[in-house]
Amino acid sequence: MYPIPAKSKLIIDSNSIEFTQMEIFNISGEKLNSIKGNLKSVDISNLPSGVYFLKLYIETKAIIRKFIKE
């Protein structure tokens with residue numbers, strides 16, 4: 001996932017892994033956005049500056065990555 005920090009878009013470099021869903025959470029754990037499907041980028045332009053978490057679902061597993069929005 002790059003760039004970190006990001007201004008308007010996060011690029012997800014997943015090689016051959018296909019995600020079924022993605023969710024964005026704020027630092028308090030509140031879900032802000034849920035996206036279904038295998039995307040290669042996520043628009044974060046509507047988020048205020050801060051620290052966030054991106055939760056990526058792969059079949060029955062989930063990966064959580066922290067990112068910073070400038």
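Considering region 46-68 alone, what residues qualify as being assigned to a strand (DSSP E or B), within 16 Å of G29 (Cα to Cα) and open to solvent by less than 70 Å² (accessible area, probe 1.4 Å)?
The answer is G50, V51, Y52, F53, L54, K55, L56, A62, I63, F67.
Every residue in region 29-45 that is assigned to a loop (DSSP other than H, G, I, E, B), within 19 Å of P3 (Cβ to Cβ) and charged (D, E, K, R), please.
Passing the criteria: only K40.
Could you check region 4-28 and list, in sequence order, the residues that are assigned to a loop (DSSP other than H, G, I, E, B), open to solvent by less than 30 Å² (accessible area, probe 1.4 Å) and within 13 Å of F67 (Cα to Cα)?
Within region 4-28, I12 is the sole residue that qualifies.
For the structure I just gave you, tell me whether K40 is modelled with pLDDT under 90 and more than 18 Å from K61 (Cβ to Cβ).
Taking the combined requirement at face value, the residue satisfies it.
Looking at this structure, is S34 among the hydroxyl-bearing types (S, T, Y) and open to solvent by 30 Å² or more (accessible area, probe 1.4 Å)?
Yes.
The values are calculated or read from the model by the stated rules, or taken from the named source; none is laboratory data. All values derive from a computational prediction rather than experimental measurement. Using ideal geometry, Cβ is built from the backbone for each residue, glycine included, and neighbour counts are taken over all protein chains shown. What goes into the accessible areas is simple: the full protein's heavy atoms, side chains included, and nothing from ligands, DNA or RNA. Shrake-Rupley method; radii C 1.70, N 1.55, O 1.52, S 1.80 Å.
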